[in-house]
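Working notes for the structure below.
The values are calculated or read from the model by the stated rules, or taken from the named source; none is laboratory data. For clarity, every value in this text was computed on a predicted model and none was experimentally measured. In this analysis, Cβ positions are derived from the backbone assuming ideal geometry, glycine residues included, and neighbour counts consider all displayed protein chains. Heavy atoms of the whole protein, side chains included, go into the accessibility calculation; ligands, DNA and RNA do not. Shrake-Rupley method; radii C 1.70, N 1.55, O 1.52, S 1.80 Å.
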Amino acid sequence: MAEVTETTAASSSEGKKPAVPETKRLWGDEVDDEEVQPSATEEKAVSELNVDALAIDENTKVNKFLDEPEDSRIQAVTTGDTPYTSASTFEDLNLSPELLKGLYVEMKFQKPSKIQAISLPMIMTPPYKDLIAQAHNGSGKTTCFVLGMLSRVDPQLQRPQALCICPTRELSIQNMEVLRKMGKYTGISSECAVPIESRNNDRSRSRPPISAQVVIGTPGTIKRLMSQKKLGVTDMKVLVFDEADHMLAKVHIQHESLVYFFLFPIWFQVLLFSATFDETVKNFVSKVVKDYNQLFVKKEDLSLESLKQYKVILPDELAKIGVVKDRILELGENIGQIIIFVNTKRSASMLHTSLVDLGYEVTTIHGALNLEDRDKIVKEFKDGLTQVLISTDVLARGFDQQQVNLVINYDLPVKYENQSEPHYEVYLHRIGRAGRFGRKGAVFNFIMTDHDLMIMRKIESYFNSPVAEIPSWGSEEDYKAALKEAGLL
DNA sequence: AAAAAAC
């Protein structure tokens with residue numbers, strides 16, 4: 001059963017006024033104000049929760065969706081008196097026949113996943129309230145907002161009506177591919193607003209305004225298009241932030257181009273999606289959205305059951321490269337695809353060079369590569385032409401390649417501001433590249449120093465998810481046993 | 001520092 005619980009949010013509205021007035025929502029309000037930081041809980045009164053309506057009948061489960069974690073404990077909090085009924089089939093959503101056909105024929109979906117069943121009615125039911133939606137990695141969030149955007153577009157109106165902002169170029173392209181596939185029969189037009197080849201940037205000046213009905217892209221390009229009046233918002237109905245916690249992190253808001261979005265009033269629906277929302281971000285987003293519904297998952301419930309995590313304790317850098325070379329790269333084809341995450345571009349290049357020098361076929365992606373190379377490397381990996389990909393955190397979030405069974409944290413993710421703090425969110429997103437939609441997967445965390453060990457322990461306790469130790473870093477048998485235990489061999 | 005992107 002979907003566990004739907006009335007949370008503490010309901011009890012602690014102590015008559016505080018919302019920070020933003022009901023009628024006028026100017027995103028610029030109080031963005032910089034450190035002192036007034038009302039929590040999400042104080043911002044609104046949770047008046048009613050339709051527990052029964054939101055419950056999902058597990059008996060009607062059709063298993064296109066493999067083993068969606070049974071205990072994915074998504075909790076829902078709704079505001080106002082709009083009743084929402086969880087959608088057990090896509091027919092429940094009053095979608096156009098064209099859209100339904102896209103879901104069944106192109107996407108080969110049979111029924112909504114849990115997050116889809118709960119969130120889609122919230123997205124599609126008037127008065128189209130804002131939504132903060134947290135759900136596990138690989139549980140089908142993209143479908144939620146892509147379907148949300150497609151279903152709200154008026155096909156007769158050739159103007160931008162839905163906008164989706166993503167943290168990276170790669171994710172924008174991926175989401176666009178999903179949208180075009182799903183919307184294939186609808187005739188809805190779309191445009192990807194991401195940086196194009198570094199040279200001929202003149203094109204954007206002379207180009208006509210965007211008429212596409214759905215626009216997906218990265219902050220910088222979207223900002224530029226808007227300030228050049230190439231992207232109008234007059235007919236906008238939905239604004240989606242994919243990986244919303246990352247997009248709206250305070251650092252971003254203050255120092256980056258996203259600040260632009262806070263300068264004009266928002267009258268349309270805002271949807272925030274991510275697998276992670278840390279407390280700081282949660283408190284902050286309550287200023288961005290208002291009178292919103294929310295779906296969230298406790299951090300202890302966020303680890304994927306189907307994913308086995310291990311730590312490998314090894315003496316030095318040489319041993320790290322040795323393990324990748326002798327244990328990982330020798331596994332052969334039947335292990336599926338592998339992503340090796342590193343913390344810096346330099347680390348990526350170094351590992352890449354040492355492996356290529358030894359004659360191994362690995363590819364590497366990071367933000368310093370030119371755009372054509374980035375596209376090419378992602379495409380080759382998605383086409384299954386390459387098995388092993390070294391990556392910085394460019395691909396830590398959202399990257400969806402179902403054949404990835406093994407993720408390696410060659411470096412453990414730490415916070416930049418404080419190197420002795422793990423970056424919990426990045427860790428969760430990285431490992432979520434394996435085990436998409438309930439598939440089995442394994443994670444190897446390389447532990448080289450005492451500091452690494454401390455970071456690892458903190459991660460384990462934060463997610464309350466123990467990470468088994470590979471007994472001996474040099475033993476081939478130990479890795480095989482681990483992979484067997486994970487169900488991969 | 002990963003990333004975004006370039007007026």
Go through the stretch A:209-232 and give me each residue that's modelled with pLDDT of 90 or more and either open to solvent by 30 Å² or more (accessible area, probe 1.4 Å) or in contact with a Lys or Arg (Cβ under 8 Å, 6 or more places away or on another chain) (or both). A:P209, A:I210, A:S211, A:Q213, A:T218, A:K230, A:G232
Quick one: in the stretch A:155-170, of everything that is surrounded by fewer than 20 Cβ atoms within 10 Å (Cβ to Cβ) and touching a residue at least 40 places away in the same chain (Cβ under 8 Å), which residue is nearest to DNA strand B (Cβ to nearest atom)? A:R159
Residue that is under 17 Å from the mean Cα position of the chain (by Cα), open to solvent by less than 10 Å² (accessible area, probe 1.4 Å) and not basic (K, R), where the choices are A:L304, A:L295: A:L295
Return the total of residues in the stretch A:353-381 being crowded, with 19+ Cβ neighbours inside 10 Å and either within 16 Å of DNA strand B (Cβ to nearest atom) or under 16 Å from A:R430 (Cβ atoms) (or both). 8
Quick check, is A:L385 under 20 Å from A:H366 (Cα atoms) and buried (at least 20 other Cβ atoms within 10 Å of the Cβ)? no
Considering only the stretch A:317-352, how many residues are more than 16 Å from DNA strand B (Cβ to nearest atom), open to solvent by 50 Å² or more (accessible area, probe 1.4 Å) and among the aliphatic types (A, V, I, L, M)? 1
Buried (at least 17 other Cβ atoms within 10 Å of the Cβ), within 19 Å of A:R346 (Cα to Cα) and in contact (Cβ under 8 Å) with a residue 60 or more places away in the chain, is that true of A:R439? no
Please count how many residues of the stretch A:171-193 are out of contact with any strand residue (DSSP E or B) (no Cβ under 8 Å at 6 or more places or on another chain) and either in contact (Cβ under 8 Å) with a residue 12 or more places away in the chain or crowded, with 22+ Cβ neighbours inside 10 Å (or both). 8
Hits in the stretch A:401-423 (condition: away from DNA strand B (no atom under 13 Å from the Cβ) and surrounded by fewer than 20 Cβ atoms within 10 Å (Cβ to Cβ)): A:Q401, A:Q402, A:Q403, A:S420
Check on A:G474, at positive phi, open to solvent by 10 Å² or more (accessible area, probe 1.4 Å) and part of a loop (DSSP other than H, G, I, E, B): no
